Each structure stands twice: as structure tokens, then as C-alpha cells.
Amino acid sequence: ERRRGHRAAAEHGGADGLSSDTVTGFYEDREGNFWVATPEGLDCFRDTRVISFSTREGLSKNAVTSVLAARDGTVWLGNAVLESLRADRSISLPANINFPGKQLTSMLEDSAGRLWMGVDNGLSVYETGRYLSVKGFKGAPIGVVLTLTEDRENNVWAETLGNPTRLLRIRDFTVQEEIPAPQIPRATSLVADSRDGIWLGLANGDLARYQQGKLETFPFKQNENSRVRQLAAMSDGSVLGATPSGLIGWQNGTLRTLTVQNGLP
């Protein structure tokens, strides 16, 4: 139990991520970190400063659907319109003249620093104040873009909603390849492999790797509502996926799942 004055501020137990409900010792270090010893391990508490941004701080709406941290330190916000957050906490709307739609669904900063955006039922690229629309085959709309990534060969990949859903490979602002389901299962997240190809976080909670035109799927034991919401690829070739059932991982062909039993809150 954590107390402020004579009042309990918070209680922490095994259900909240503590390694055990039984506590055998405490220690506070010079940096203010609070260490708790239990029969099952050693836990650390520290105060993390969280800063919230909403209409009170200057956002146009409280409806942010996508966030991108760019390499120059700018944080781009898809908030019905395109907004940016700078290191000094200033909020601006630098790119909304001729904005190509009403709803941002996904964002990507490519290797050249350009901002790719799924907007409404299409895909646009923003660079130096101008928007370029990316069309599908024969000029057709691309569709609602769920997720974007760029591979090591500078192909941009997009997963789009439709009937069926499709995985698109884009180069030179032109769709070069469309791979429909079920040839490629529906993905809810994409990330480039550190060496070759891309990883797909699937809507059923599994992982898949697409390399050289071949798909390899890695199944995980998930509940029926699982989906891989976000992916992270490491420099050693391993990959992690965030799911409602825990954190899943692949490394050199070995599959693992981390849950509250491994210390996740």
C-alpha cells in the first residue's frame, strides 16, 4: 500500500503486476526509486511524469487516431486534421491547407523524411507543404489504410481494408503489387524486418513474415479476440507484437508469449 499522509494513495499486489502479494522488505535508493522484495522477486516503483495534451493544451479536438514521432523530434498527430507537437510543447497545424480528407488512419515517415498518411479512403504523401495522392491500379482508390511500413529496399507497404483486404507494395509513389486475401491473411500491423522483407501482425493474433514473395506464418495460442495491434523489429532479427493476450515474440524460430505470469502488469 502506498500512502500520502494518513491516506492510502494506491494499493499494489500480484493482480497489479507485483511479483507476489507477500512483501518481505523495502528500500528507497538515492534517485527516489522504491524497491520491494517479495518471495518471488524484486520489484521497482518510480514516479514517471506524464504530460497530457488535449484541447486545453491547444489540440483542435480530443480525437487522436494516429501518432508518429519523426526523426527531427516532431510528433505528428492525426486528429481529424494533421497537427504537430514540438519539443517546446507548442502545438501547430502546419499542413492543413488543401488537406486531402477528414480522417487520418495511419502514418509513416519514410527514409527521405516524407510523411505518408492514410486519409479517408486513400493514401497521400506530404512533403514541403504539398500533398501527393497515391492511386491504386488503373487509378482506383487505394482504400482505408490500416498500417504502413517501409522495407530496407525502400518499398512502402500498406495494408488496406476492402473486399478483400489487400497488402500493397508501393515504389516511386506507384502501386507495384497488390496481394489480396486469402493469399496474404489480414494484417493489423506491419513492420520492416531488419534484414529483408516485412513482418505482419495478423488479425487472428499470429505473426507472419513475407520475404522474396513467400509467406511464413508463426501461430500463437491466443483467445478468439486477439489481434496484433503493434509490432517492433529488433536489429538482431527478432520481433515483438502487442496483443490483448500478452506480448508475443519471435527470435531465431523460437516463439514466446509474455503475460502477467512473466511480470507484465
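The values are calculated or read from the model by the stated rules, or taken from the named source; none is laboratory data. Computed from a predicted structure; not experimentally measured. As a convention, Cβ positions derive from the backbone with ideal geometry for all residues, glycine included, and neighbour counts pool all protein chains shown. All accessible areas refer to the heavy atoms of the entire protein, side chains included, with ligands and DNA or RNA removed. Shrake-Rupley method; radii C 1.70, N 1.55, O 1.52, S 1.80 Å.
Laid out as a table, the results:
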{"read-out": "Long-range neighbours under 9 Å by Cβ, at least six apart or interchain, first residue more than 20 Å from Thr65 (Cβ to Cβ) and part of a loop (DSSP other than H, G, I, E, B) within the range 84-100, second open to solvent by 90 Å² or more (accessible area, probe 1.4 Å) and modelled with pLDDT of 80 or more", "value": "Asn98/Arg130"}
{"read-out": "Flag if Thr254 is more than 30 Å from Pro141 (Cα to Cα), hydroxyl-bearing (Ser, Thr, Tyr) and modelled with pLDDT of 95 or more", "value": "yes"}
{"read-out": "Subset of the range 101-130 [surrounded by fewer than 18 Cβ atoms within 10 Å (Cβ to Cβ) and either among the charged types (D, E, K, R) or in a strand (DSSP E or B) (or both)]", "value": "Lys102, Asp110, Arg114, Asp120, Glu127, Arg130"}
{"read-out": "Residue, farthest from Ala181 (Cα to Cα), within the range 218-247, restricted to residues that are polar (S, T, N, Q) and exposed (fewer than 13 other Cβ atoms within 10 Å of the Cβ)", "value": "Ser235"}
{"read-out": "Members of the range 187-217 found to be part of a loop (DSSP other than H, G, I, E, B) and either more than 20 Å from Asn154 (Cβ to Cβ) or open to solvent by less than 40 Å² (accessible area, probe 1.4 Å) (or both), listed by number", "value": "Asp193, Ser194, Gly197, Ala203, Asn204, Gly205, Asp206"}
{"read-out": "Residue among Ile184, Ile170, Ile142 that alone is closer than 15 Å to Trp116 by Cβ, in a loop (DSSP other than H, G, I, E, B) and open to solvent by less than 40 Å² (accessible area, probe 1.4 Å)", "value": "Ile142"}
{"read-out": "Test result for Val36, β-branched (Val, Ile, Thr) and outside any loop (DSSP other than H, G, I, E, B)", "value": "yes"}
